[in-house]
Amino acid sequence: MSDVIRLDVMKTYKLFVGGKFPRSESGRVYEVSDSKGQWLANAPLGTRKDTRDAVLAARAAVKGWAGTTAYNRGQVLYRIAEMLQGRREQFAAEVAAAEGIGAKKAATLVDQAIDRWVWYAGWTDKVAQIAGGANPVAGPYFNLSVPEPTGVVGIVAPQAGYGHSFLGLVSVIAPVIATGNTAVVAVAADAPLPALSLGEVLATSDLPGGVVNLLSGRTADIAPTLASHQDVNALDLAGAIAHEGPGAATVLEASAADTLKRVLWPAVDPAAQDWTVAPGTERLLSFVETKTVWHPMGQ
Amino acid sequence: MAKNKKTETTTVTEPVRTSGLFAYAPAPESPAAAGDIAGSYGHFIGGEFVDSSGSEALKTVNPATEQVLAEFAQGTDEDVDRAVKAARKAFGDWSALPGSERGKYLYRIARIIQERSRELAVLESIDNGKPIRETRDFDLPTVAAHFFYYAGWADKLDYAGFGRNPQPLGVAAQVIPWNFPLMMLAWKIAPALATGNTVVLKPAETTPLTALRFAEICQQAGLPKGVVNIVTGDGRTGAALTSHPEVNKVAFTGSTNVGRSIARQLAGSRKKLSLELGGKAANIVFDDAPIDQAVEGIVNGIFFNQGHVCCAGSRLLVQESVHDEVLDALKRRMATLRVGDPLDKNTDIGAVNSAAQLARITELTDAGEAEGAERWSPSCELPSAGYWFAPTLFTGVTQANLVAREEIFGPVLSVLTFRTPTEAVEKANNTPYGLSAGIWTEKGSRILWMANQLKAGVVWANTFNKFDPTSPFGGYKESGYGREGGRHGLEAYLDV
Amino acid sequence: MSTVAANAPGAAGGGLSDVAASEASLRRFLHGLPGVDAVGLEARAATLGTRSIKTSAKAYAIDLAISMIDLTTLEGADTVGKVRALCAKGRHPDPGDPGTPQVAAICVYPDMVATAKAALAGTPIQVASVATAFPAGRAALPVKLADTADAVAAGADEIDMVIDRGAFLSGRYMDVFAEIVAVKQACLRADGTSAHLKVIFETGELQTYDNVRRASWLAMLAGADFIKTSTGKVAVNATPPVTLLMLEAVRDFRAQTGVQIGVKPAGGIKTTKDAMKYLVMVNETLGDDWLSGHWFRFGASSLLNDLLMQRQKLTTGRYSGPDYVTVD
């Protein structure tokens, strides 16, 4: 008997919204190809409606996630790192295909993404210790400032540049959720597969549903919906193109101004951004509100 | 039945009877869960378990049964020297590791502690005498959390407020007490390693077992050899370690007298020293306090861990107007405390750690009685074998009484009264110690005013004996110096 | 005939007789009660929840819990058949084991009281009826009193009334007090005896622990024989901390007045493990005096079957399943 050639089982990629894996409400997909134009998979074409659903899920998750202890949030982020470590090869392959780079480089990028989760896991219970503190006001008052999460953050994930498809993605999501925000993410439109697979990791890492929502599709549909949405509190425009045009950073920022969203600008040349550089605290501190409490002191 | 009130005459002060109808059957944790305890232990030096250079061995006993659990080595000067050299050798590579990689070792340790927490909880309970309920629900979760917290600092030291690129000190000599063996180890080792130091740690001579088990965890985590070294022994070993010329840092938790002698010994050496010593905390209850919760806080403040707590609320300062009410409620509550087998999941108060400690508690309480303070304990049956002391209350105590001044380090509460906030502050501060204090009142501004006035390193308001890795802990005055925990805890191990 | 001691409005001793003399004095008293620190209360309840009840203690506690159940059906869909079936279940909770204790009471809507009474004839099982426009309590006082009188006339041994949470939360304590007094009056039977009055606070709506403590004292002063947490009809029902707080209230009330009041947590207590936690709280807060169905009740429906399955486990050594207990 001759050897039977075994056929691989291919994966249907899905969105990640509210802890579940829906297809797009549009019922549509788009073709995702590698750097040589070879078809890799179909990705769901997330729509404006999918975006609004994701914002609802993110809003519903804020109370629980912001209310959990910083210690528990750190445990969850570290758990994500543990889960990713176990699926390192899968992600390395997806990143290599997505970005057209060698397997070794791709694996290094995944390693760095894992370490980035660990970096932010350690920040959850320390951010208040560097960004908050007692204020020595001139009077008989106890005065304390503490950072609190902003709420729902819309993220335009990096769309281009070395490491954007996964390390870049992790580098923008982790700091947002570390402080207790929830996120709706427009993932890299042309290289969405590592991001959609990340949803599977997040779903098995004790992260409550809705804390991170991942949407593939046209950035020009998703990003403006986030920018104009009244129930989104802040925007990270990491992957928005800086120049003019629909979905450009300037347009999105102007739209966000209607509800005075906090906006983190993209790099001057987003495609040239090096995501392998150790992050500081900029992204972490961009999505917190400082709350100051006064209380009298007296017998 | 008539609609009129049934004329019942119930005595007001009658204590709750809990041993009657609903008596809890024994619910013992299995001693086997502690894992294998070896017949005898050597030290952990350079990543290996090694024999002592000397032949003297000490015994550690289960204080609840007086049975010998294991023998362990009395560390000699030579053992200590060997451990310090191993730590020195490891220091170069360890301190040169990127912080993120050092952090990952600590995360591993934290995770393994979480995984093995039941084993460690049972072992701690057996070796120390403290109830399994506490080791399970308090000690072990706190230990894991402490490693987890400092793991995160390892690659963030630039942000800790001590300037850019703060440097480790080198080899840290660490001597810890027996009251929270594994937790004290975590408080010492986690920040030291996160900042890039290597350590030689000496556990207390009555509770060495969890530290030796921790050495196995270091091996499982793949921690480089020599980063953590554990040398066992009594005070002689401790003295050899703290006075070793090649250590760069000394950290000690224990009695004020030993701390004083270490400070004297290190004078002129320019070695960084942190000391966490004794206490005689005031737990201050105002008349507007949430009484039921205050009573819980008083009980937790002094009877937690058999009162073997340096920050124990051993002086109850109660406002005169609610003295009787609080005392009635306190006695009623004390009558429900369950003293006995530490491995029984329903035990509230376990065994006193050692015969020596029991003798000291007995001596001080007898002296208190002789001075005229009124002594009260609920009726409770104490096991025949082992070291036991019933929860005890002294009323009619004044500032001058021995039981109001000396740290008893046992389940003994002295009750004093006050009339005004100012008087409460004066009495609370009227001690050479200054580790902790408690305030019970519903009035927020008074809490903050009191906190401002109290000379104590930790002030708890409407709670007591709360600890968290993020929260600095340490004393004023003769309670020591330096802080453990939180961002502040890094300073003790950095050259800043 | 109940053996539960009756409390009488305004008859409280211990210097409390003038408390309800005026709206102002009642408010001063209730607001003068010691505050409740929420974190501390919850921590204490959680610690008691870690007690490990095994073997003989568990067997005792399971039987005790069964004998404390107010087996309840309070549905719009209730029928005579359903109530009869429930009564049969209360009489013989485990048909396979006649040694199983009977429940304390069957709790129904007023129109089902007569049915329950008949079905329970000859047993010591009480018939409890909810009343006063249960569960919302939003009806005029005469309607509430008629509701109560109707249930009593139909033979109810116990009345579970709801307080007017709107009045309580807006600070009209005297209205609440007067209403309890009036309902207590409506519990009177022609022969001079009286149905026992349980007063439901709907603690999930009172929200704060301070409110629960005030409501407890208010109800006890007004003549409640039992204080009860919840209707079982809102999102948050009985919780261990709320119940612990109420236990402390009846403890303090007896210490001050000599009158003993019962406590009934209701809603959300579904498992043997839950029930054990409540019994531990009773045991360590109040002691033997409250450890009977006369002084402590569980308002529950599904709890009984879990207790029965655990009881079977203890008897047979095998884990039971839902097919081995009856569904009524």
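Quick look at the values:
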| item | result |
| --- | --- |
| Meets criteria (surrounded by 20 or more Cβ atoms within 10 Å (Cβ to Cβ) and hydroxyl-bearing (Ser, Thr, Tyr)) for B:Ser471 | no |
| Scope the range B:118-137; condition under 16 Å from the mean Cα position of the chain (by Cα), open to solvent by 10 Å² or more (accessible area, probe 1.4 Å) and under 23 Å from A:Arg79 (Cβ atoms); matching residues | B:Arg136, B:Asp137 |
| Number of the exception - B:Val199 against (1) of a type in the set (Val, Ile, Thr); (2) crowded, with 24+ Cβ neighbours inside 10 Å; (3) in a helix (DSSP H, G or I) | (3) |
| Tally of residues being facing chain B (nearest Cβ under 7 Å) and in contact with a Leu (Cβ under 7 Å, 6 or more places away or on another chain) across the range C:26-56 | 3 |
| Residue tally, condition away from chain B (no Cβ under 11 Å) and either in contact (Cβ under 8 Å) with a residue 40 or more places away in the chain or open to solvent by less than 10 Å² (accessible area, probe 1.4 Å) (or both), over the range C:262-277 | 9 |
| Residue check for C:Phe296: among the aromatic types (Phe, Trp, Tyr) and either over 16 Å from C:Ser67 (Cβ atoms) or more than 14 Å from every other protein chain (Cβ to nearest Cβ) (or both) | no |
| Verdict on A:Thr124 being open to solvent by less than 10 Å² (accessible area, probe 1.4 Å), β-branched (Val, Ile, Thr) and either free of Cβ contacts under 8 Å to residues at least 12 places away in the same chain or within 14 Å of another protein chain (Cβ to nearest Cβ) (or both) | yes |
| Helices (runs of 4 or more DSSP H) enclosed by the range B:67-158 - at least 2 residues per element that are in contact with a helix residue (DSSP H, G or I) (Cβ under 7 Å, 6 or more places away or on another chain) and within 21 Å of B:Trp178 (Cβ to Cβ) | B:117-128, B:140-153 |
| Residues located in the range A:203-218, provided they are surrounded by fewer than 24 Cβ atoms within 10 Å (Cβ to Cβ) and closer than 19 Å to A:Pro44 by Cα | A:Ala203, A:Arg218 |
| Residue in the range A:105-121 that is in contact with an Asp or Glu (Cβ under 7 Å, 6 or more places away or on another chain) and facing another protein chain (nearest Cβ under 10 Å) present | yes |
| Residue selected from the range B:70-105 under the condition more than 28 Å from the chain's Cα centre (by Cα) and within 14 Å of chain A (Cβ to nearest Cβ), by the criterion least open to solvent (accessible area, probe 1.4 Å) | B:Gly99 |
| Unique match (being open to solvent by 50 Å² or more (accessible area, probe 1.4 Å) and modelled with pLDDT of 95 or more) among A:Leu260, A:Leu237, A:Leu226, A:Leu264 | A:Leu260 |
| Conditions (1) at pLDDT 95 or above; (2) open to solvent by less than 30 Å² (accessible area, probe 1.4 Å): number failed by A:Gly161 | (1) |
| Contacts under 7 angstrom Cβ, first residue in the range A:270-282 being away from every other protein chain (no Cβ under 14 Å) and under 20 Å from A:Gln159 (Cβ atoms), partner outside any loop (DSSP other than H, G, I, E, B) and not aromatic (Phe, Trp, Tyr), 6 or more apart | A:Trp275/A:His164; A:Trp275/A:Leu167; A:Trp275/A:Gly168; A:Trp275/A:Ser171 |
| B:Leu209 vs. criteria touching a strand residue (DSSP E or B) at 6+ places or on another chain (Cβ under 8 Å) and closer than 21 Å to B:Ile408 by Cα | no |
| Subset of the range C:196-245 (residues that are within 14 Å of chain B (Cβ to nearest Cβ) and in contact with an Asp or Glu (Cβ under 6 Å, 6 or more places away or on another chain)) | C:His196, C:Leu197, C:Pro241 |
| Only listed residue being over 27 Å from C:Ser22 (Cα atoms) and either without any contact (Cβ under 8 Å) to a residue 12 or more places away in the chain or not in a helix (DSSP H, G or I) (or both), chosen from C:Val143, C:Val130 | C:Val130 |
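Residue by residue, here is whether (1) buried (at least 24 other Cβ atoms within 10 Å of the Cβ); (2) touching a strand residue (DSSP E or B) at 6+ places or on another chain (Cβ under 6 Å); (3) over 30 Å from A:Thr259 (Cα atoms); (4) among the aromatic types (Phe, Trp, Tyr) holds:
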site	(1), (2), (3), (4)
A:Arg88	no, no, yes, no
A:Gly132	no, yes, no, no
A:Ser145	no, yes, no, no
A:Val153	yes, yes, no, no
A:Val170	yes, no, no, no
A:Ala174	yes, no, no, no
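Every residue, every condition in (1) touching a strand residue (DSSP E or B) at 6+ places or on another chain (Cβ under 7 Å); (2) more than 13 Å from chain A (Cβ to nearest Cβ), yes or no:
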{"position": "B:Val415", "(1), (2)": "yes, yes"}
{"position": "B:Thr422", "(1), (2)": "no, no"}
{"position": "B:Tyr433", "(1), (2)": "no, yes"}
{"position": "B:Ser436", "(1), (2)": "yes, yes"}
{"position": "B:Lys443", "(1), (2)": "no, no"}
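The values are calculated or read from the model by the stated rules, or taken from the named source; none is laboratory data. Just so we're clear, the structure is a prediction, and the values are computed from it rather than from any experiment. So basically every Cβ, Gly included, is an ideal-geometry build from the backbone, and we count neighbours across all protein chains shown. Accessible surface areas use protein heavy atoms only, side chains included; no ligands, DNA or RNA. Shrake-Rupley method; radii C 1.70, N 1.55, O 1.52, S 1.80 Å.
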